[in-house]
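> Shown below is the structure under consideration.
The values are calculated or read from the model by the stated rules, or taken from the named source; none is laboratory data. Since this is a predicted model, take the numbers as computed values, not measurements. Cβ placement follows ideal geometry from the backbone for every residue including glycine, while neighbour counts extend to all protein chains displayed.
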Amino acid sequence: MPARQSRIRSPEEIDRLLEVERLASIGQLAAGVAHEINNPVGYLQSNLKSLSEYIAGLVELVDGCARLIETQGSAEQRAALRDLRERLDAEFIIEDIQSLLEESRSGVAIIRDITLTLRDFARAPEGRTEAVELNGLIKRALRIAENDTKYVAEIETDLSAARPVIGDTSMLSQVVLNLVMNACHALDSGGEIRVRTADAGEDRVAIEVEDTGCGIPEDRLEAIFEPFYTTKPEGKGTGLGLSMIREIVDRHHGTISVTSSVGLGTCFRVELPAFGDD
Ligand SMILES: Nc1ncnc2c1ncn2[C@@H]1O[C@H](COP(=O)(O)OP(=O)(O)OP(=O)(O)O)[C@@H](O)[C@H]1O
Ligand SMILES: [Mg+2]
């Protein structure tokens, strides 16, 4: 068997490969963590639902007993009931217990959303084509990005696409997340990110991610899609985001375009084939 040729790589190239390798390992780790968390989160969610129902039943039972004592109990029993209510601060507990449960349930729902999205992202793309509902996918991606966006960006959404697209959920999630993260990084001193979906013509759906950030000079509008093109400081960006996006959009038989004004902002538009019902 002939020995594999190994060509000499420059230190910069080795650094980039190491960075790509590091990101891939983080992706795998995240997928593993998401998978492990998903199971306990699932039963937490269902237990909290049962608990809410049980507690509503118990409150009803306690109320019924109290009413009985109030109407038919002896003076002594009524006084004991009053004491007990005061000592336990029963009214407050009954009120608070509902909001505690409600808060816990919505917290768990957020964790579940995040783990499901993490799993979506980190899952090796399967190249499957299915109907992908973009509006939900975008909301989940925005939730994942929230950690980074919340300090710099006001997010506005107008998700009015009525049709799903044909594609791979994991890959399309990557596209949206990367566009949103790029928009966020372009907003050094704060600004807006607007994410829109709309039906485009008969058989396409459009996603637009627009920011009010630094913009891109006209003579760079092609270069940004090249692998490893980045204006971020060393160690901050791989420059692979947009080349990966273009690759994914091509595989989906879609198109990507960009318009930008330096100092005013940038808008990326992706069009994808709609999932037909015919
Ligand atoms: N919304 C945007 N506003 C301004 N410049 C942008 C925007 N999106 C991309 N760019 C420019 O395109 C370059 C390449 O983007 P790409 O996503 O490919 O890599 P990156 O963001 O630099 O690195 P990584 O995606 O690994 O964080 C960016 O470094 C930036 O100069
Ligand atoms: Mg990027």
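> How many of the residues making up segment 234-261 are touching a strand residue (DSSP E or B) at 6+ places or on another chain (Cβ under 7 Å) and within 17 Å of Gly215 (Cβ to Cβ)?
The number of residues fulfilling the criteria is 4.
> Right, here's the next one. Can you pull out every residue in segment 188-204 that is at pLDDT below 95 and within 16 Å of ligand 2 (Cβ to nearest atom)?
Asp188, the sole residue that qualifies.
> Could you list all residues from segment 129-181 that are of a type in the set (Lys, Arg) and over 13 Å from Thr197 (Cα atoms)?
Across segment 129-181, the qualifying residues are Arg140, Arg143, Lys150.
> When you scan segment 164-180, do you find a residue that is more than 16 Å from ligand 2 (Cβ to nearest atom), over 20 Å from Met244 (Cβ atoms) and in the same structural domain as Ile248 (by TED's automatic domain parsing), even just one?
The answer is yes; a qualifying residue exists.
> In segment 208-230, how many are over 18 Å from Leu177 (Cβ atoms), modelled with pLDDT of 95 or more and of a type outside the set (D, E, K, R)?
7
> Can we say Val180 is under 16 Å from Ala141 (Cβ atoms) and in contact with a helix residue (DSSP H, G or I) (Cβ under 8 Å, 6 or more places away or on another chain)? Break it down into steps so the answer makes sense when it comes.
Working: under 16 Å from Ala141 (Cβ atoms): yes; in contact with a helix residue (DSSP H, G or I) (Cβ under 8 Å, 6 or more places away or on another chain): yes.
Against the criterion (under 16 Å from Ala141 (Cβ atoms) and in contact with a helix residue (DSSP H, G or I) (Cβ under 8 Å, 6 or more places away or on another chain)), Val180 qualifies.
> Looking at (1) touching a Leu at 6+ places or on another chain (Cβ under 9 Å); (2) closer than 28 Å to Ala145 by Cβ, can you tell me which one Glu70 breaks?
Unmet for Glu70, out of (1) touching a Leu at 6+ places or on another chain (Cβ under 9 Å); (2) closer than 28 Å to Ala145 by Cβ: (2).
> While we're on this one: Out of everything in segment 134-172 that is more than 11 Å from the chain's Cα centre (by Cα) and basic (Lys, Arg), what residue ends up being surrounded by the most Cβ atoms within 10 Å (Cβ to Cβ)?
Arg163
> Let me ask something else. Given the conditions (1) buried (at least 16 other Cβ atoms within 10 Å of the Cβ); (2) more than 12 Å from ligand 2 (Cβ to nearest atom), report the number of the one that Ile224 does not fulfil.
Failed condition: (2).
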